[in-house]
1. What number of residues within the range 34-53 satisfy the criterion of being under 15 Å from Thr4 (Cβ atoms) and loosely packed, with under 10 Cβ neighbours inside 10 Å?
2. Looking at the range 3-24, which of the residues that are small (Gly, Ala, Ser) and outside any helix (DSSP H, G or I) is farthest from Val38 (Cα to Cα)?
Amino acid sequence: MSLTPVDINRLAHLARLGLKPDECAGFCTQLNEFFEIVEKMRAIDTTGVLPLAHPVDAMGEIALRLCDDTVSEFNQLEANQRSAPAVEDGLFLVPKVIE
């Protein structure tokens with residue numbers, strides 16, 4: 001798939017972009033280079049390759065460096081709600097904005 005300057009102008013119009021003629025030529029080149037990369041990727045045979053849920057899955061034994069889930073502060077709910085204009089059952093009450 002190869003885009004022409006006419007295609008770029010049409011896309012710019014649909015996206016409400018005001019492109020100058022020199023910008024149009026630059027975008028045309030960039031988008032066509034992008035589509036060339038996509039076509040190369042499509043040409044690769046991926047038969048038998050399972051999709052990954054996460055890139056780290058492919059690393060096998062490597063564990064993520066996650067912090068321990070520990071409490072670092074005490075419960076400050078009451079102190080935080082003292083300055084609230086309206087509180088009920090531990091929840092902040094706010095005005096209704098959607099009807």
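The values are calculated or read from the model by the stated rules, or taken from the named source; none is laboratory data. Just so you know, these numbers come straight off a predicted model, no measurement behind them. Cβ coordinates were reconstructed from backbone atoms using ideal geometry, including for glycine residues, and neighbour counts include every protein chain displayed.
1. 0
2. Gly18
Per-residue answers, yes or no, for (1) part of a strand (DSSP E or B); (2) basic (Lys, Arg); (3) more than 26 Å from the chain's Cα centre (by Cα); (4) at pLDDT below 90:
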| site | (1), (2), (3), (4) |
| --- | --- |
| Gly26 | no, no, no, yes |
| Val49 | no, no, no, yes |
| Leu52 | no, no, no, yes |
| Glu61 | no, no, yes, yes |
| Leu64 | no, no, no, yes |
| Cys67 | no, no, no, yes |
| Thr70 | no, no, yes, yes |
| Pro85 | no, no, yes, no |
